[in-house]
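**Q** Provided herewith is a single structure, encoded as structure tokens, for subsequent inquiry.
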Amino acid sequence: MANFRLNEIAGLIGGTIHAATDSINDPLIQSISIDSRTIADVNSCLFFALRGVRHNGHQYLGELYQKGVRCFVVSEPIRLDQFPGAIVIQVDDSQVALQQVAAAVRSQFSYPVLAITGSNGKTILKEWLYDLLHESVKIIRSPKSYNSQVGVPLSVWNMTDKFELAIFEAGISLPGEMEKLAAVIQPTIGILTNLGEAHQENFAGKDQKLAEKLKLFTSCQTIIYCNDQKAVHQKIQAAFGQSGKQLFAWSTADEKADLFLRFSREGASTQLQFNWQGKAQQLQLPFTDAASLENIGHCLAFILAAGYGTDAVFAAFEKLQAVAMRLELKQGINNCVLINDYYNSDINSLTIALQFLRSQSLSGKQSRCLILSDIAQSGFSGKELAEEVKRLLDVYELDHFVAIGPNLCQHRQLFGGQAKFFQSTEAFLTAFDSSEFRNEHILLKGARDFRFERIASVLQKKYHQTQLEINLNALVENLNRYRAHLRPDTKITIMVKAFSYGSGTVEIARALEFQQVDYLAVAVADEGLELRQAGISTPIIVMNPEEHSFEMMLEYRLEPNIYSTQVFEKFDRAARSMAVSDFPIHLKLETGMHRLGFSSSDELEAIAIRVPREGRLRIQSVFSHLAGSDSPEHDDFTARQYKRFMKLSTPVIANQPNKVLRHILNSAGIERFTDYQMEMVRLGIGLYGLAQSDRLQVETVARWTTVISQVKPVAEGETVGYGRKGEVSNPRQVAIIPVGYADGYDRRLSNGVGKVWIAGKQYPIIGNICMDMSMIDVTGSNVQAGDPVELMGENISLNELAAWMGTIPYEVLTGISQRVRRVYVQE
Ligand SMILES: *Cc1c(COP(=O)(O)O)cnc(C)c1O
């Protein structure tokens with residue numbers, strides 16, 4: 001890790017130091033951070049307060065100070081008298097400062113630095129190069145896909161003189177960004193993977209995007225690319241043909257390319273032939289898909305161009321494994337939660353995974369367990385690695401530690417009595433006792449060689465094969481799309497009622513809390529209680545508060561929707577008996593939905609006057625709900641609802657000493673009536689992946705899948721299923737899947753109305769849907785038992801499935817039964 005004195009850093013970034021009187025003189029900085037939630041090492045950490053569109057790091061300075069952080073880089077004025085002992089470096093732009101510090105770290109080293117850019121494959125390429133080369137050269141690489149304006153400097157900060165090769169990814173989404181990344185990375189070799197459609201929206205066209213990407217290579221001596229992409233070839237030649245740089249092109253079509261590769265498929269593997277330095281080489285690759293082969297082409301081109309091509313490295317290609325790019329959260333045995341991360345295993349990614357573990361287990365009710373394999377991180381001795389692991393265990397307050405691998409075993413004396421040690425994954429499995437894992441969050445973090453998926457399978461709760469996979473990245477991405485569509489200061493309530501539209505309560509709420517949403521809203525008080533008991537502290541609104549739960553709501557800070565004078569009186573009485581003061585309530589106004597809500601301005605006025613006078617309650621917000629925000633035919637009505645809302649709410653607000661939030665928009669309303677956003681909006685189905693148009697480009701969040709149980713022929717003249725509905729006129733091939741109407745797979749999908757997706761194609765349901773099973777007509781395919789089936793997801797959209805069922809997407813999502821296990825994935 002880099003070590004700088006604070007004064008040195010101030011010099012590097014041209015900042016002015018302001019120190020409180022009793023601050024430490026010129027402290028040593030060993031880590032940098034931009035995220036108040038993930039700081040572990042408060043004593044030697046320098047916090048950069050960044051200002052984003054939505055988030056402002058300066059808001060967290062107080063919280064960080066409380067935690068013990070004393071060194072800050074800021075771009076807003078700070079009252080130092082509030083932070084005794086703190087030291088602040090004042091700069092114009094703290095993101096620029098972060099990049100300058102990283103650039104200074106980078107400049108200290110003269111070993112080769114590879115930068116990878118392109119639309120796809122960057123992370124896998126980086127990981128595979130590491131897999132192929134780490135035995136021969138000491139490599140530092142970006143953790144996960146840290147490739148942004150902030151991720152790159154955080155990665156580069158970790159360079160030290162222990163390494164011999166650095167590999168960093170660079171990703172951009174806006175013009176002007178690449179120059180900044182190039183200045184931080186200062187690469188000596190570059191790879192352009194390919195050019196797709198991702199992040200196209202902010203660029204004038206493909207040409208502009210490519211031109212922007214090429215700026216990464218200004219300092220490179222060697223540039224590697226595949227010249228099968230003609231546009232890429234031409235642009236690189238035009239930009240660098242005369243520059244004196246080495247352009248190293250590989251191809252599967254052009255025999256005169258610097259490296260000509262011949263791929264030929266052989267069953268489940270691919271043979272790769274090429275000539276290098278007059279010698280014919282042949283490799284057997286365990287992949288057949290085009291994307292993997294392209295990544296392998298880039299790996300090989302780099303290895304040869306950079307002079308790492310030895311027999312041992314060639315042999316390593318045959319052992320390459322798919323890279324699991326995401327972290328998975330699953331229900332485990334004995335009330336455990338399992339977090340699987342078999343991604344790269346180095347100290348950085350371990351730190352990231354531990355942060356995730358902590359964010360998932362904050363309530364303190366569940367203990368934290370880590371099952372960790374040896375880490376193969378070049379540049380550190382076995383002892384140093386073990387010591388670093390021990391330090392992280394303490395910082396992240398692990399309760400239970402299982403270590404697997406010879407190196408950790410060798411240094412077991414560092415860890416004290418509680419930890420358990422095994423030489424290998426097999427040894428762990430042989431000794432496995434399920435009763436040792438109970439009520440824990442278990443993080444499984446293993447290098448790929450250790451094949452921790454075998455441990456996952458014994459710790460995982462065995463359900464039936466049908467599952468709903470929730471992509472937490474897509475969920476957060478959708479949240480950001482809606483946020484970007486609103487004014488930066490508009491608050492957001494997320495509707496997590498009805499099991500978050502079927503996607504899960506606590507896990508979703510945790511992810512949203514981490515994203516610092518302003519409010520969560522549930523339908524009934526019990527849903528709110530569950531969130532509080534899981535440690536969620538974000539404010540929660542209860543939409544249908546019931547009298548019997550008022551005391552519990554007051555105790556757990558669950559804020560009621562007050563929709564009538566009677567409810568107000570009863571809640572006020574409960575508030576009096578519990579002797580609370582200033583407890584937030586939300587008034588619902590009737591403007592045209594004719595569901596719950598005040599319609600009398602006299603009643604409202606009486607409450608508006610009483611509440612501030614008595615001081616027990618506080619009107620935190622007033623709101624209403626649109627009846628037809630999704631359809632243009634009701635736009636006039638929507639406008640009238642808004643007017644009515646303004647008329648009813650204005651006098652209420654005028655009578656309050658506090659600032660009252662006003663809100664009327666749901667998802668469709670946010671999309672179509674941004675002018676009505678006021679101080680807050682309520683986001684529901686849009687977050688879960690359904691928008692009115694493609695303007696917001698929301699992503700699919702939920703994938704409902706199962707696995708084929710059996711495939712069998714059905715002869716002509718036979719029928720399939722109950723009621724003998726599926727009549728067979730020609731011989732058919734029928735696949736049985738373990739999902740039925742008891743899972744929420746509606747009976748209206750019977751007899752060809754619904755379809756499922758198997759291996760690239762849709763196949764119809766045959767016969768009636770049963771309670772726990774359905775039959776699919778797979779005639780003419782070579783579909784087999786064990787093949788995965790998508791019921792809903794990328795290939796069968798929620799809208800399509802809802803249309804087949806003859807209902808709306810809301811009912812489909814909320815109807816997926818609880819016995820369908822929810823699996824959460826995160827990149
Ligand atoms: C469910 C609900 C929403 C969210 O509606 P979507 O159409 O899912 O965005 C907003 N407000 C209220 C009062 C709701 O009950």
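The values are calculated or read from the model by the stated rules, or taken from the named source; none is laboratory data. Just so we're clear, the structure is a prediction, and the values are computed from it rather than from any experiment. Don't worry about glycine lacking a Cβ; one is built from the backbone with ideal geometry, like all the others, and counts go over all protein chains shown. In case anyone asks, the SASA skips ligands and DNA or RNA and just uses the protein heavy atoms, side chains included. Shrake-Rupley method; radii C 1.70, N 1.55, O 1.52, S 1.80 Å.
**Q** Based on what the data block shows, is ASP207 in contact with a Phe, Trp or Tyr (Cβ under 6 Å, 6 or more places away or on another chain) and either at pLDDT 95 or above or at negative phi (or both)?
**A** The answer is no for ASP207.
**Q** Looking only at region 674-710, which residues are closer than 15 Å to TYR501 by Cβ and polar (S, T, N, Q)?
**A** Of everything in region 674-710, just one residue is closer than 15 Å to TYR501 by Cβ and polar (S, T, N, Q), namely THR700.
**Q** Something else about it: For LEU531, state whether it is more than 16 Å from the ligand (Cβ to nearest atom), aliphatic (A, V, I, L, M), crowded, with 22+ Cβ neighbours inside 10 Å and over 22 Å from ALA606 (Cα atoms). Quick ask: steps written out before the conclusion?
**A** On the way: more than 16 Å from the ligand (Cβ to nearest atom): yes; aliphatic (A, V, I, L, M): yes; crowded, with 22+ Cβ neighbours inside 10 Å: yes; over 22 Å from ALA606 (Cα atoms): yes.
Yes; evaluated as a whole, the condition is true for this residue.
**Q** Here are some residues: LEU648, LEU683, LEU696. Which one is in the same structural domain as HIS634 (by TED's automatic domain parsing), open to solvent by less than 40 Å² (accessible area, probe 1.4 Å) and either within 14 Å of the ligand (Cβ to nearest atom) or over 30 Å from GLU614 (Cβ atoms) (or both)?
**A** When all the criteria are applied, what remains is LEU683.
**Q** Answer with yes or no whether ASN340 is in a strand (DSSP E or B), at pLDDT below 90, of a type outside the set (D, E, K, R) and open to solvent by less than 10 Å² (accessible area, probe 1.4 Å). Walk me through it before giving the result.
**A** Values: in a strand (DSSP E or B): yes; at pLDDT below 90: yes; of a type outside the set (D, E, K, R): yes; open to solvent by less than 10 Å² (accessible area, probe 1.4 Å): yes.
Yes: the conditions hold for ASN340.
**Q** While we're here: Taking into account only those residues within region 374-404 that are without any contact (Cβ under 8 Å) to a residue 12 or more places away in the chain and over 21 Å from ILE442 (Cα atoms), which is most open to solvent (accessible area, probe 1.4 Å)? Let's see the steps before the verdict.
**A** We begin by selecting, within region 374-404, every residue without any contact (Cβ under 8 Å) to a residue 12 or more places away in the chain; these are 381, 384, 391, 394.
Right, trim to over 21 Å from ILE442 (Cα atoms) and you get 381, 384.
On the way: SER381: 54, GLU384: 71 Å².
The qualifying residue most open to solvent (accessible area, probe 1.4 Å) is GLU384.
**Q** Report yes if some residue within region 457-470 is open to solvent by less than 60 Å² (accessible area, probe 1.4 Å), of a type outside the set (Ser, Thr, Tyr) and within 30 Å of HIS134 (Cα to Cα); otherwise report no.
**A** So far as region 457-470 goes, no, none of its residues is open to solvent by less than 60 Å² (accessible area, probe 1.4 Å), of a type outside the set (Ser, Thr, Tyr) and within 30 Å of HIS134 (Cα to Cα).
**Q** If you don't mind, there's one more thing I want to ask. Pick from GLN366, GLN423: which is touching a Cys at 6+ places or on another chain (Cβ under 9 Å), farther than 29 Å from ASN158 by Cβ and either modelled with pLDDT under 90 or open to solvent by less than 10 Å² (accessible area, probe 1.4 Å) (or both)?
**A** The unique qualifying residue is GLN366.
**Q** May I ask you to verify whether ARG51 is touching a residue at least 24 places away in the same chain (Cβ under 8 Å) and either loosely packed, with under 14 Cβ neighbours inside 10 Å or touching an Asp or Glu at 6+ places or on another chain (Cβ under 7 Å) (or both)? Talk me through it step by step, then tell me what you get.
**A** On the way: touching a residue at least 24 places away in the same chain (Cβ under 8 Å): yes; either loosely packed, with under 14 Cβ neighbours inside 10 Å or touching an Asp or Glu at 6+ places or on another chain (Cβ under 7 Å) (or both): no.
No.
**Q** I'm checking my understanding of the structure. Among residues of region 651-680 that are β-branched (Val, Ile, Thr) and open to solvent by 10 Å² or more (accessible area, probe 1.4 Å), which one is farthest from the ligand (Cβ to nearest atom)?
**A** ILE653
**Q** Are any of the residues in region 587-595 open to solvent by less than 40 Å² (accessible area, probe 1.4 Å) and over 29 Å from ARG672 (Cβ atoms)?
**A** no
**Q** Hey, another quick one. Only one of these is in a loop (DSSP other than H, G, I, E, B), closer than 30 Å to GLU397 by Cα and not small (Gly, Ala, Ser): ILE24, ILE32, ILE78. Name it.
**A** From the options ILE24, ILE32, ILE78, the qualifying one is ILE24.
**Q** Within the set of pairs 6+ apart or on separate chains, which have a first residue in region 405-418 that is in the same structural domain as ASP374 (by TED's automatic domain parsing), a second that is modelled with pLDDT under 90 and of a type outside the set (S, T, N, Q), and C-beta atoms under 6 Å apart?
**A** Final answer for the pair search is ASN407/GLY382.
**Q** Turning to a different aspect of this structure: Note down all Cβ pairs under 6 Å where the first residue falls in region 5-34 and is without any contact (Cβ under 8 Å) to a residue 60 or more places away in the chain and under 13 Å from TRP157 (Cβ atoms), the second is open to solvent by 20 Å² or more (accessible area, probe 1.4 Å) and of a type in the set (A, V, I, L, M, F, W, C), and they're at least six residues apart or on different chains.
**A** GLN30/MET1
**Q** Among ALA322, ALA306, which is buried (at least 19 other Cβ atoms within 10 Å of the Cβ) and more than 24 Å from VAL506 (Cβ to Cβ)?
**A** Of the residues listed, the single one that is buried (at least 19 other Cβ atoms within 10 Å of the Cβ) and more than 24 Å from VAL506 (Cβ to Cβ) is ALA306.
**Q** Also: Answer yes or no as to whether ASN158 is touching a Gly at 6+ places or on another chain (Cβ under 7 Å), under 26 Å from THR351 (Cα atoms) and not assigned by TED's automatic domain parsing to the domain that holds ILE347.
**A** No; evaluated as a whole, the condition is false for this residue.
**Q** Still on this structure, I have one more. Pull up region 582-632, narrow it to residues that are acidic (Asp, Glu) and under 37 Å from the mean Cα position of the chain (by Cα), then point me to the one that is nearest to the ligand (Cβ to nearest atom).
**A** ASP630
**Q** Let me ask something additional. Taking region 599-616 on its own, how many of its residues are open to solvent by 60 Å² or more (accessible area, probe 1.4 Å) and farther than 15 Å from ALA654 by Cα?
**A** Residues flagged as open to solvent by 60 Å² or more (accessible area, probe 1.4 Å) and farther than 15 Å from ALA654 by Cα within region 599-616 amount to 3.
**Q** Right, next: Could you run through region 695-744 and say how many residues are hydrophobic (A, V, I, L, M, F, W, C) and part of a strand (DSSP E or B)?
**A** 10
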